Ligand SMILES: [Zn+2]
């Protein structure tokens with residue numbers, strides 16, 4: 001299938017380079033829509049992160065995750081369709097968009113997705129998915145796809161068929177209410193950077209991306225050195241979920257999200273991280289984060305046992321902070337005290353000092 005053609009030089013599916021641009025500012029953007037950021041993200045960690053959040057705040061959040069992700073996906077798909085004019089063209093164009101999103105899902109690491117049926121009545125889409133990158137995010141994507149079409153509220157339901165296998169159905173209820181437009185918060189403009197990549201001459205992705213192995217049958221991306229499964233998706237969807245949680249549940253949410261991510265990363269730390277950084281921790285981290293589109297680590301200093309860092313264009317800052325706290329504890333073998341802030345210009349600054 002053309003969608004899964006590989007680069008002859010580095011072996012990465014050519015779609016990855018066709019659809020994404022890595023910038024010297026530490027971000028990955030969609031080639032057709034430079035404002036739409038993407039990240040390579042540890043996908044096994046997503047649902048673990050959500051479960052840890054539930055455990056810390058003591059209530060289920062699946063519904064909220066699906067709704068927030070649906071809104072982000074709907075906004076994205078509406079944007080893809082903005083050039084399509086007239087109702088008929090719009091319907092045909094939309095069918096294409098949905099099919100493309102589903103095909104693309106395999107390259108993005110979303111799992112083994114197969115469309116079971118599609119009916120224009122109620123815009124009902126049924127997918128059979130094995131090993132989704134995250135069940136609630138996948139449900140949100142499907143609900144968002146049907147919401148983008150008629151701008152009315154969608155519904156999604158899943159049924160487990162076996163280990164890691166689900167049938168997910170998204171549709172419009174008759175008389176579904178109009179979607180209320182919630183404004184997505186404006187992000188400050190990205191700051192320019194000076195990160196240098198070696199790009200593959202065959203397909204244009206950074207050569208480091210070939211550390212990831214694609215299995216387009218299974219719809220998975222695996223980071224070979226660590227064995228961790230990854231997916232490529234927009235950090236805006238993740239941020240929308242965090243914002244919604246904070247709006248609904250209050251100010252203590254950001255700290256809970258940081259702690260949930262710290263717990264997850266801590267559970268993952270092992271020998272594969274021993275080689276981290278070597279002599280040049282900052283250089284290594286900077287390249288590693290930029291390759292994943294997480295932002296530009298501008299400053300990282302260690303003074304009297306205290307790490308001080310500043311990142312430009314951070315993606316999902318709370319996740320970055322939780323990861324940083326876990327790394328600190330792994331490297332120093334002591335608990336860390338984290339202090340952080342996000343400035344008006346979007347910069348994330350933090351210090352981590354040993355506790356006690
Ligand atoms: Zn290549």
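The values are calculated or read from the model by the stated rules, or taken from the named source; none is laboratory data. Remember, predicted model here, so these are calculated numbers, not experimental data. Using ideal geometry, Cβ is built from the backbone for each residue, glycine included, and neighbour counts are taken over all protein chains shown.
General observations
- Lone qualifier among 327, 338, 318 - being under 21 Å from residue 47 (Cβ atoms) and in contact (Cβ under 8 Å) with a residue 60 or more places away in the chain: 318
- Residue list for region 259-270, restricted to those being in a helix (DSSP H, G or I) and surrounded by fewer than 22 Cβ atoms within 10 Å (Cβ to Cβ): 259, 263, 266, 267, 268
- Failed condition for residue 69, given (1) at pLDDT 95 or above; (2) surrounded by 22 or more Cβ atoms within 10 Å (Cβ to Cβ): (1)
- Qualifying residue in region 167-188 (condition: within 16 Å of the ligand (Cβ to nearest atom) and touching a helix residue (DSSP H, G or I) at 6+ places or on another chain (Cβ under 7 Å)): no
- Every residue from region 198-246 that is in a loop (DSSP other than H, G, I, E, B) and either free of Cβ contacts under 8 Å to residues at least 40 places away in the same chain or in contact with a strand residue (DSSP E or B) (Cβ under 6 Å, 6 or more places away or on another chain) (or both): 198, 218, 219, 224, 234
For (1) touching a strand residue (DSSP E or B) at 6+ places or on another chain (Cβ under 8 Å); (2) without any contact (Cβ under 8 Å) to a residue 12 or more places away in the chain; (3) in a strand (DSSP E or B); (4) surrounded by 14 or more Cβ atoms within 10 Å (Cβ to Cβ), each residue gets a yes or a no:
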{"residue": "109", "(1), (2), (3), (4)": "yes, no, no, yes"}
{"residue": "132", "(1), (2), (3), (4)": "yes, no, no, yes"}
{"residue": "136", "(1), (2), (3), (4)": "no, no, no, yes"}
{"residue": "156", "(1), (2), (3), (4)": "yes, no, yes, yes"}
{"residue": "160", "(1), (2), (3), (4)": "yes, yes, yes, no"}
{"residue": "170", "(1), (2), (3), (4)": "yes, no, yes, yes"}
{"residue": "192", "(1), (2), (3), (4)": "no, no, no, no"}
